[in-house]
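Enquirer: Attaching a single structure in structure tokens format; questions to follow.
Each reported figure results from applying straightforward, stated rules to the coordinates on display, with no laboratory input. Model, not experiment: these values are computed from the prediction. In this analysis, Cβ positions are derived from the backbone assuming ideal geometry, glycine residues included, and neighbour counts consider all displayed protein chains.
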Ligand SMILES: [Zn+2]
């Protein structure tokens, strides 16, 4: 399909903005995310863990004020999809952290967010349960992050060797970015006609 390895396309968004960088892509970054303002220069591991857990905690407040089934912007996912995607990001992130802790030489697989969204049928999953699952996933993720060794790495097929910091930073960005995604809908619905 002409898509380089490791690039997971958000087709709708790429069509509108060729400069758009999918938050699922790996790679070292610097500065702040142009969209969600996540600070790629934050190197304090525990601060990143705390930031992620705090962001997860406020999804519910945003979700309560919008229609979770509606696209957050034309052509994009619904808020409910972003919630369930973030659940899976944190669950898979937890497994990656356990791999770094318990079996680093085994490596971890890549996963395709669109395939997982379809297989899990996010649109048919309750947004209320999604918020419960999100809190639960964040608690397990936090514990795995705080217990992970800082001197070990495992292999990811696209990113190469990844350590606990890489996983935590990437997951913290996704939680931040997808909260921002959900809040786009909030801005839209509160905008006067
Ligand atoms: Zn971002």
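Enquirer: For the residues 85, 150, what sequence is obtained by ranking on other C-beta atoms within 10 Å, fewest first?
Expert: 150, 85
Enquirer: Can you put 98, 141 in order, fewest other beta carbons within 10 Å first?
Expert: 98, 141
Enquirer: Still on this structure, I have one more. If neighbour count is taken as other Cβ atoms inside 10 Å, put 105, 126, 78 in order from fewest to most.
Expert: Result, fewest neighbours first: 105, 126, 78.
Enquirer: Pulled fully out, how much extra length does the chain show between residue 146 and residue 61, if you take 0.36 nm times their separation in residues and subtract their Cα-Cα distance?
Expert: 27.9 nm
Enquirer: Sticking with this structure for a sec: Take the Cβ-Cβ distance between residue 114 and residue 158 as r, set R0 to 25 Å, and report the resulting FRET efficiency rounded to the nearest 0.05.
Expert: Efficiency for this residue pair is about 0.95.
Enquirer: From a point 7 Å beyond the Cα of residue 124 in the direction of its Cβ, which residues of the stretch 66-93 have a backbone N at a distance under 18 Å?
Expert: Under cut-off, by backbone N: 69, 78, 80-82, 84-85.
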